[in-house]
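The values are calculated or read from the model by the stated rules, or taken from the named source; none is laboratory data. These figures come from a predicted structure and were not determined experimentally. Because the Cβ atoms are built from the backbone with ideal geometry, glycine has one as well, and the counts that use them run over all protein chains shown.
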Amino acid sequence: MASENLTTSSYIQHHLTNLTFGKLPAGYERADGEVFKDSAWTLAHSGQEAADMGLMAINLDTMGWSLILGVVFFVVFRGVAKKATSGVPSGMQNFVELVVEFVQDNVKSMFPYKNPMLAPMALTILVWVFLMNCMDLIAIDLLPLIAQKFGEYVLGADPHHVFFKVVPSTDPNITLGMAFFVFILILFYSIREKGIGGFLGELCLHPFSSKNMAVQILFIPINFVLEFVNLIAKPVSLGLRLFGNMYAGEMIFILIALMYGAGLLIGTFGGALQIIWALFHILIISLQAFIFMVLTIVYISMSYDTGEEH
């Protein structure tokens, strides 16, 4: 791999940097001394360049893998649905039916309302997030190596500047993006079910209330601050929980991979440790997908709640 000659810190940084494409302004000076006469769209050569691109940038590896895995989910489940039979089902049909029934049972137990979109969305979240998390089980250097060779021999790029993160859920842009979409649904259903007045009443009239109008008015700013923080905390915690757990898991895999270059004894121990961590990580990636789905169902269920108890 092109990263063989990197230092330990550079190796870690290389594996945690996205393949970012964006626009750098005119006059921008790169670390190698190159200066852009005009603004240009280019691949970032470092994490700092990616940050300097600001909003005019996209993480190609994150978007690419998330879309590919989304298509895999769609094709597999749609294919099974089209070929489903009432006779002796295939192993894949059994698996898909098991997943669908699992999601339906969770939705029914946590969402006592009618919403035809919720179950399909919960299924999509569960499977899609699980597939993205599963990328963490692929050999840490395999796909980055392929990307570097492609960049070097096909695109003529410096392999040290070809970054490639293969786990979309280790990118906060993905996890917070999904959480933000859930947040939009929370607001939409809260306003639709409770009305603007009811929604604002939730934010301003709870948890402190008083029958005295003057006292209640004094409570409004306090209630708003407390309830607004509680409202915003839902998408933030939803996205950061998934990101934090997957990022930490990826970091552990990278640290274990470094042990292979520390001699036969340490390398052998690292190999055994990697197998143990991978087996344990299967539980983590499954649990994180399940938690994201469950919290989505719970939050949307809360947006339907028009009761006065909070």
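Some observations on this one:
Residues checked against (1) surrounded by fewer than 21 Cβ atoms within 10 Å (Cβ to Cβ); (2) modelled with pLDDT under 95; (3) assigned to a helix (DSSP H, G or I); (4) hydroxyl-bearing (Ser, Thr, Tyr):
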position: VAL127; (1), (2), (3), (4): no, no, yes, no
position: MET132; (1), (2), (3), (4): no, no, yes, no
position: PRO144; (1), (2), (3), (4): no, yes, yes, no
position: ALA157; (1), (2), (3), (4): yes, yes, no, no
position: HIS160; (1), (2), (3), (4): yes, yes, yes, no
position: VAL166; (1), (2), (3), (4): no, yes, no, no
position: ASN173; (1), (2), (3), (4): yes, yes, yes, no
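- You will find that of ASP38, ASP52, ASP32, ASP61, the residue that is touching a residue at least 60 places away in the same chain (Cβ under 8 Å) and of a type in the set (D, E, K, R) is ASP61 and no other.
- Selected residue [farther than 30 Å from PHE180 by Cβ and touching a helix residue (DSSP H, G or I) at 6+ places or on another chain (Cβ under 6 Å)] from GLY249, GLY239, GLY270, GLY261: GLY270
- Qualifying residue in the stretch 243-266 (condition: touching an Asp or Glu at 6+ places or on another chain (Cβ under 9 Å) and modelled with pLDDT under 90): yes
- Residue satisfying condition, being surrounded by 21 or more Cβ atoms within 10 Å (Cβ to Cβ) and more than 28 Å from GLY244 (Cα to Cα), within set GLY151, GLY201: GLY151
- Residue in the stretch 37-57 that is farther than 18 Å from LEU131 by Cβ, among the acidic types (Asp, Glu) and loosely packed, with under 12 Cβ neighbours inside 10 Å present: yes
- When PHE269, PHE290 are checked against the criterion of being within 17 Å of the chain's Cα centre (by Cα), assigned to a helix (DSSP H, G or I) and surrounded by 13 or more Cβ atoms within 10 Å (Cβ to Cβ), a single residue qualifies: PHE290.
- Residue pairs meeting the criteria (Cβ under 7 Å; at least 6 apart or on separate chains; first within 16 Å of MET178 (Cα to Cα), in the stretch 113-129; second assigned to a loop (DSSP other than H, G, I, E, B)): LEU118/PHE111
- Single residue of the stretch 183-239 satisfying the filter (touching a Ser or Thr at 6+ places or on another chain (Cβ under 7 Å) and without any contact (Cβ under 8 Å) to a residue 60 or more places away in the chain) that is nearest to THR306 (Cα to Cα): PHE199
- Qualifying residue in the stretch 206-226 (condition: modelled with pLDDT of 90 or more, on the phi > 0 side of the Ramachandran plot, in a helix (DSSP H, G or I) and over 24 Å from the mean Cα position of the chain (by Cα)): no
- Residue match in the stretch 90-101 (condition: in contact (Cβ under 8 Å) with a residue 60 or more places away in the chain and not basic (Lys, Arg)): no
- Check on VAL107, under 21 Å from the mean Cα position of the chain (by Cα) and closer than 30 Å to GLU193 by Cα: no
- Index of the failed condition, ALA81 passing every other in (1) closer than 25 Å to THR296 by Cβ; (2) at pLDDT 90 or above; (3) not basic (Lys, Arg): (2)
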